Amino acid sequence: MRKFLLFAVLITVSFAMACAPAANNSTANKPANAANATNASNTNTGANAAAVESEIKKAVADMAASLQKGDVAAMEKLYTDNYMFVAPDGSVVNGSDRIASMKSGETKYDSISYDEVSVRSNAEGNGAVSISRATVKGTNLGKPVDGQYRVTHVWSKTKDGWKLASGQTTPITSASGPAKSSTNSNAAAPANSNSNGGK
């Protein structure tokens, strides 16, 4: 009788296992599929991040060219409606103030260039922060500028392309390494700490 019972249990278990693979296969594949989806998502994010980095670096270079030429129209298009700029002396101005300063001649650059540009973007690819080193000579907001500055820009992607939402500039007052980036160039050199550098 025990042998018969054991035999019946084994047959029942075998039958149950034979019917189960379809359910188990879909469950077993879920982690693999989830992992594949995650990998695909990471790949897309990586590709998007690389595209955003390239676009922002171009925007930074274009901005430097516009500032050096005193191209007010280009800068008006570049700033978001709520753009804010924090100068090295701690003063805060908005986009209208910056444009008015350019129009009046209080902001005029003899030379301005950016290097050591490092870019980080959000997962959606519609926001980014760039940190760079600006080498500047000229006048900004009525004050002479001549030296190197560490600059942080906050970018927002709009229907009209990348726009500048915020800028903050800090004078480089001692020899320090460049911002961490895959595009690092030479280490920053000591710089004059005049206030109100770039952008």
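Here Glu55 fits the description: part of a helix (DSSP H, G or I) and of a type in the set (Asp, Glu).
From the set of residues in segment 59-87 that are outside any helix (DSSP H, G or I) and of a type in the set (Val, Ile, Thr), which is modelled with the lowest pLDDT? Selected residue: Val86.
Looking at (1) aliphatic (A, V, I, L, M); (2) modelled with pLDDT of 50 or more; (3) over 14 Å from the mean Cα position of the chain (by Cα), which is the only condition Val151 fails? For Val151, the exception is condition (3).
When segment 90-127 is filtered for residues that are under 19 Å from Thr170 (Cβ atoms) and in contact with an Asp or Glu (Cβ under 8 Å, 6 or more places away or on another chain), only Val119 remains. Here's a check for you: in segment 88-134, which residue that is closer than 16 Å to Tyr149 by Cβ, among the hydroxyl-bearing types (Ser, Thr, Tyr) and part of a strand (DSSP E or B) is modelled with the lowest pLDDT? Residue satisfying both the conditions and the ranking: Tyr109. Looking only at residues in segment 67-89 that are of a type in the set (S, T, N, Q) and more than 27 Å from Thr173 (Cα to Cα), which one is surrounded by the most Cβ atoms within 10 Å (Cβ to Cβ)? Step by step, filter segment 67-89, then rank; the result is Thr80.
The values are calculated or read from the model by the stated rules, or taken from the named source; none is laboratory data. Everything numeric here is computed off the predicted structure, so don't read it as measured data. Cβ atoms come from the backbone with ideal geometry, glycine included; neighbour counts cover every protein chain shown.
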